[in-house]
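The values are calculated or read from the model by the stated rules, or taken from the named source; none is laboratory data. None of the values given here were measured: they were computed from a predicted structure. Every residue, glycine as well, gets a Cβ built from its backbone with ideal geometry; the counts of neighbours run over all protein chains shown. Protein only, heavy atoms only, side chains kept; ligands, DNA and RNA dropped before computing areas. Shrake-Rupley method; radii C 1.70, N 1.55, O 1.52, S 1.80 Å.
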Amino acid sequence: MILKKTIKNIFYIIIAMSFFLLVDFRDFSLKTVVPEKVEVKIDEEAGVGMIRNIKIEEQELESEDFVGGNQEIINLVNSARTEVGLPEVQENLKLKLSAMEKAQHMKDNDYFEHISPEGFQPSYFAQKQDYSYKNFGENLASGYFSAESVHEGWMNSPGHRDNILSEKFAEIGVAILDFEENGRKRYLIVQHFGRQLTAEDLVTKIVCDKESKENCEDAEDDEEDLEDLIEKQEDIIKQAKKDGVGKKDLKRLEENLDDLEEAEEEMEDYLEECEEFIEKCDSFK
């Protein structure tokens, strides 16, 4: 009866061993994610992306001089942002130069669009100034003669208003450039918004497979079960020796114990690699 019980225990030990031997102790999944620049999206709907003042007020026709300047336009932007609880944007020289170059390029090439006839995107001019951006936006206007009127025009246009009141932007550059239209002086006004890349944005991040993390966590429970099996196997061998089990059966029991101890060593190595794996992960998907 005792011999049958011993053989039955051996059978369960062998089943347990087959489970541990089937575990892949190297099944980790890590993915390196390199930060990319944010693409500038232009709304293709008519009227969104740039505004042209067709109906010019009579008082604006009295003078061809633009009333106000870059700083007044920036002040109006920050006043609007403050009203809705947003931080102010700071003037940036590179964005100012990129806005001016974009205005000059439109004047020289006779167009009024975000994308130039050659296919240059709005961000092209910021990149020429070595402005490394995480977020970038552009507002265009024509036909206005004052900072106040162009700001009002932009605020009445959903696309422009979104740029002015966007949390994504921290800096601004403004350009005001005159041109001739029907024998009269007109103005191109360009706003460039941006947020520069930070050191943190440029750090390569490791994103790990969530399933791999769960496998590591499950392995900790499996290690405890394995330790219990080893302890039980040692008790079975002691009892078998007392019961006078034959050398052949005793040898099988001891071989099973060796296999379990070998599996325990592999499990320990696996858990060490698990610990190193989890430490490398910035996040899990």
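Which of rounded, prolate, oblate describes segment 84-186, given a ≥ b ≥ c as roots of the alpha-carbon gyration tensor eigenvalues and a/c under 1.5 marking rounded, otherwise prolate only if a/b is larger than b/c?
Judged from the Cα gyration tensor, segment 84-186 comes out oblate (a/c at least 1.5, b/c at or above a/b).
Note down the nm distance, to one decimal, between modelled labels 7 Å out along Cα→Cβ at K242 and at E211.
4.7
Grab the beta carbon distance between E276 and E227, set R0 = 22 Å, and tell me the FRET efficiency rounded to 0.05.
0.50
With +1 assigned to the C-beta of every Lys and Arg and -1 to the C-beta of every Asp and Glu, and no other charges, what is the dipole magnitude of segment 153-285 about the Cα centre in debye, to the nearest 20? List each step's numbers first, then the result.
Details: 19 positive and 43 negative charges, 417 e Å.
Here the size comes out at about 2000 debye.
Roll a 1.4 Å probe over the protein heavy atoms and report the accessible area of C274 in Å², nearest 10.
10
Roll a 1.4 Å probe over the protein heavy atoms and report the accessible area of V84 in Å², nearest 10.
Counting only protein heavy atoms, the figure is 80 Å².
Order the following by accessible area, largest value first: V207, V77. Probe radius 1.4 Å; ligands, DNA and RNA are ignored.
Ranked list, largest accessible area first: V207, V77.
Mind grabbing the accessible area of M100 for me, 1.4 Å probe, Å², rounded to tens?
Roll a 1.4 Å probe over it and M100 shows about 70 Å².
Which order do you get for E200, E113, E64 if you rank them by accessible area with a 1.4 Å probe, largest at the top? Walk me through the numbers on the way to the answer.
Working: E200 130, E113 90, E64 65 Å².
The ranking, largest first, comes out as E200, E113, E64.
What FRET efficiency, computed as 1/(1 + (r/R0)^6) with R0 = 30 Å and r the Cβ-Cβ distance, is obtained for E118 and D178, rounded to the nearest 0.05?
Plugging the Cβ-Cβ distance into 1/(1 + (r/R0)^6) gives 0.80.
Hey, can you grab everything whose amide H is under 5 Å from the amide H of S146? Only 5+ residues off in sequence or another chain; H modelled, so Pro and N-termini drop out.
HN-HN under 5 Å from S146: V67.
Just to be sure I understand the model, the point goes 7 Å from the Cα along the line to the Cβ. What's the resulting Q90 to D201 distance in nm?
Between Q90 and D201, the label points sit 1.4 nm apart.
Which entries of K107/K128; K102/K205; K210/K232; K96/K185 show an alpha-carbon separation above 27 angstrom in the structure shown?
Values: K107/K128 18 Å; K102/K205 35 Å; K210/K232 34 Å; K96/K185 22 Å.
K102/K205; K210/K232, as the Cα separations exceed 27 Å there.
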